[in-house]
Amino acid sequence: MTSRPLRTRVNGTAVERTVPDERILLDLLREDLRLTGTKRGCDLGTCGCCTVLLDGRPTLSCLTLARSAEGREVTTIEGVTPAEGLHPVQRSFVEHGATQCGFCTPGFVLTSVALLRDHPHPDREEVARAISGNLCRCTGYTKIIEAVLAVNGGKPRGD
Amino acid sequence: MHLDPFELHEPTTVEEALELAGSLSGKFDYLAGGTDLLPNYKMHINLRPHLISLERVSELRGVSADRIGAMTRLAELEEHREFGAAYPGVAEAVREVATPLVRASGTVGGNLLLETRCFFFNQTYPWRQSLGFCLKADGDRCHVVPQKERCYATFSGDLAPALAAVEAEVEVAGPSGRRRMPVEHLYNAAGDGILRLSLVPGEIVVAVHFPAHARRARAAYSKLRVRPSFDFPELGVAAAVWGAEESPEKVRLAIGGLETYPRRFDADTDPLAGAALTDAKVRTVAEAVTRRVRPVHNTFLPPDYRRRMTEVFVRRTLTRARSPSGSRAA
Ligand SMILES: Cc1cc2nc3c(=O)[nH]c(=O)nc-3n(C[C@H](O)[C@H](O)[C@H](O)COP(=O)(O)OP(=O)(O)OC[C@H]3O[C@@H](n4cnc5c(N)ncnc54)[C@H](O)[C@@H]3O)c2cc1C
Ligand code: SF4
Ligand code: FES
Ligand code: FES
């Protein structure tokens, strides 16, 4: 086993750790750093539950080596949640019933945060395309799309 | 799923990567975005003790008017407006790959060199063990065509047919220097799901190059998949047409998702040059191509359906590519 030092930033905090070369980012977050908000669904790229932001871009942490975070900034769901209350995207998800079992929610929230940062007023089609790598087995997506559309005052039902 | 230990190497130049490859002969895989390799490693498929990451090799990056570096992320290509305008058929294929999240990491080089796929291969170790391992990993027989001693795993990349249709080329670097070849020559046209490439061990895909005429093509790509996101192509048809609709100079057709390699059908499309590409001709070519393809039962949809859809998709894609309004010519 080969290990080496990794220097990265997670949710604004510098992290220095010695990690084995084969360490996956998802495992670093959940097991080493105990940030269990990032979920392990399929572990193979087919669900989006493990989505984090890597230098601001939604990234599948289950298919990313921890090494790839060297010198970069990782943001997890813990990092977008304010000390008190909720992020506007989280609040909108609650208000629109866009979360049921909640397992997919961290991934959807991070994907949506990045979408709304780059495109503050997406239309329904743009939202659907942006979240098309995140699976939800509970909500049927309609409420998720409505929640994202509503964040910046979009009309949830109007197209 | 934890990965078995491996040693990761992070060269910064092509030459350094090739040197490492030489010293680790046969005991390594190159790692690009990892979206194909890492799922296979997690399922304990053909593990190697060393990975040579290409992430830091700056020569493999960058998109310009006539070149895409192999390490270009698919998402980067998708957002590149000039690229999309210059090569609309390729841009269509890029948008159809996997999901936005996979495209954020997946690269152009990795897409071209994607491992071939099979229902009996892309499975966990215990799954494969319980049925009995197959030729492509750990075993000595094929579950798809048991009478034969060869592998029929399907080439399932979306970009290769789209690039082959516009006659793009790849630049590869290897122990004995650099060479360029048409994209379709990357693959073993003898049809082998295991020895799937024509590359010599250690060769690196450096970039895709577009000859000047690639820009003048009207091109289109159509993909058959079960869900409009996530799924690999069950069939991917790319068409390119040069010249006026009434008398095209050249027509190219390339198909992926059906056999062990993406295939061009020049013998069927060469006779189309010089005379109007009528509906009747499009139908005749579609029928001829369909008679030649040989999908096997190793993906989600049955091979007979994929064959019948080949005819439909060739017709639709050629029809789209032939008309100036379908996909723009420069
Ligand atoms: C859920 C899911 C859905 C997918 N759907 C699709 C789909 O619809 N269509 C599709 O085409 N693909 C699909 N893929 C596969 C894959 O994500 C893409 O093909 C991607 O472009 C592969 O690129 P990569 O950089 O991640 O490859 P990697 O996994 O890093 O590499 C793939 C292979 O290529 C080799 N390699 C990579 N780059 C080079 C290079 N420059 N020189 C030499 N060797 C190299 C590696 O050694 C490895 O064998 C899917 C993957 C997932 C997880
Ligand atoms: S086609 Fe046969 S040998 Fe090849 S992966 Fe499938 S089962 Fe294995
Ligand atoms: S856990 Fe990463 S995509 Fe499912
Ligand atoms: S809320 Fe249960 S999977 Fe999405």
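Let's test this: bin the Cα-Cα distances of the protein assembly as shown at 10 Å from zero up to the farthest pair and state each bin's percent.
Values per bin, smallest distances first: 4, 19, 28, 27, 17, 5, 1, 0.
Between helix B:303-322 and chain B, what is the angle of the helix's C-alpha long axis to the longest principal axis, kept within 0 to 90° and rounded to the nearest 10?
Orientation of helix B:303-322: about 50 degrees from the principal axis.
Under a point-charge model restricted to the Cβ atoms of Lys and Arg (+1) and Asp and Glu (-1), what is the dipole moment magnitude of region B:150-238 relative to its Cα centre, in debye to the nearest 20?
Using Cβ point charges on Lys, Arg, Asp and Glu, region B:150-238 gives about 200 debye.
For region B:272-318, what number results from the quotient of the Cα radius of gyration and 2.2 N^0.38 Å?
Its radius of gyration relative to the 2.2 N^0.38 Å reference: 1.30.
Which of the residues in region B:91-106 show a loss of at least 40 Å² in accessible area from their chain by itself to the complete set of protein chains, at a probe of 1.4 Å?
When all protein chains are present, B:Pro100, B:Leu101 each give up 40 Å² or more of accessible surface.
What figure, in Å² to the nearest 10, do you get for the accessible area of A:Leu33 with a 1.4 Å probe and non-protein molecules left out?
40
Provide a whole-number value for the mean count of partner chain Cβ atoms within 10 Å of the Cβ atoms in peptide B:227-233.
3
Have a look at the DSSP beta bridges in the protein assembly as shown and tell me what percent are antiparallel, nearest 5.
Looking only at bridges with both residues in the protein assembly as shown, the antiparallel portion is about 85 percent.
Which of the peptides A:79-86, A:105-112, B:33-40 is most tightly packed, and how do the rest follow, judged by the mean count of other Cβ atoms within 10 Å per residue?
A:105-112, B:33-40, A:79-86
Go through region A:9-57 and flag every residue whose accessible area shrinks by 30 Å² or more with all protein chains in place compared to the isolated chain (probe 1.4 Å).
Buried on complex formation: A:Asp21, A:Glu22, A:Ile24, A:Asp43, A:Leu44, A:Arg57.
In Å², and per residue, what accessible area does region B:67-107 have when probed at 1.4 Å with the other protein chains present?
32
What percentage of the solvent-accessible surface of region A:88-150, computed with a 1.4 Å probe over protein heavy atoms, is contributed by carbon and sulfur atoms?
With neighbouring chains kept in place, the figure for region A:88-150 is 55 percent.
Within a Cβ distance under 12 Å of B:Asn188, other residues only, what is the Lys/Arg minus Asp/Glu net charge?
Within the 12 Å Cβ shell, the charges total 0.
Using protein heavy atoms only (no ligands, DNA or RNA), what is the total accessible area buried between A and B, 1.4 Å probe, nearest 100 Å²?
What A and B bury together is about 2500 Å².
Which values of log₁₀ I(q)/I(0), to two decimal places, follow from the Debye formula for chain A at q = 0.09, 0.13, 0.15, 0.20 Å⁻¹ with a uniform point scatterer at every Cα?
Rounded to two decimals, the profile gives -0.29, -0.58, -0.76, -1.23.
Mind checking B:39-50 for the average number of partner chain beta-carbons within 10 Å of each residue's beta-carbon?
Mean partner shielding for this stretch: 2.
Return the carbon/sulfur percentage of the accessible area of region B:22-83, one whole number, probe 1.4 Å, all protein chains in place.
48
Which percent of Cα pairs goes in each bin when the distances of region B:60-212 are cut into 10 angstrom slices starting at zero?
All Cα pairs, binned at 10 Å, distribute as 11, 36, 31, 18, 5, 0 percent.
What's the center-to-center distance, using Cα atoms, between region B:151-219 and region A:29-87 in Å?
What the calculation gives is 34 Å, centre to centre.
Rounded to whole Å, give me the distance from the Cα center of region B:224-301 to that of region A:1-20.
The two parts, judged by their Cα centres, are 49 Å apart.
Counting only helical runs of four or more DSSP H residues, what would the 222 nm mean residue ellipticity of chain B come to if each run contributes -39,500 (n - 2.57) and the total is spread over all its residues?
So the calculated ellipticity at 222 nm is -8000 deg cm²/dmol.
With r as the distance between the Cβ atoms of A:Arg72 and A:Thr2 and R0 = 30 Å, compute the FRET efficiency 1/(1 + (r/R0)^6) and round to 0.05.
Computed FRET efficiency for A:Thr2 and A:Arg72: 0.90.
In the neighborhood of B:Arg263, defined by Cβ-to-Cβ distances under 12 Å, what is the net charge if each Lys or Arg adds +1 and each Asp or Glu adds -1?
Value of the local net charge: 0.
What is the mean number of Cβ atoms from other protein chains located within 10 Å of the Cβ atom of each residue in peptide B:2-10, rounded to a whole number?
5
Just to be sure I understand the curve: with the Debye formula and one point per C-alpha of region B:1-89, what is log10 I(q)/I(0) at q = 0.11, 0.15, 0.18 Å⁻¹?
The computed values of log10 I(q)/I(0) come out as -0.40, -0.67, -0.85.
Roughly how large, in nm² to one decimal, is the mean projection of the convex hull of the alpha-carbon atoms in chain B?
16.2
Keeping every protein chain present and rolling a 1.4 Å probe, give me the accessible area per residue for region A:3-80 in Å².
35
About its Cα centre, how strong a charge dipole does chain B have in debye, to the nearest 20, once Lys and Arg get +1 and Asp and Glu get -1 at the Cβ?
1080
Give the Rg (one decimal place) followed by the Dmax (whole number) of region B:204-283, computed from C-alpha coordinates and expressed in Å.
14.6, 43
The values are calculated or read from the model by the stated rules, or taken from the named source; none is laboratory data. Not measured: the values here are computed from a predicted model. Virtual Cβ from ideal backbone geometry, glycine too; neighbours counted across all protein chains shown. Heavy atoms of the whole protein, side chains included, go into the accessibility calculation; ligands, DNA and RNA do not. Shrake-Rupley method; radii C 1.70, N 1.55, O 1.52, S 1.80 Å.
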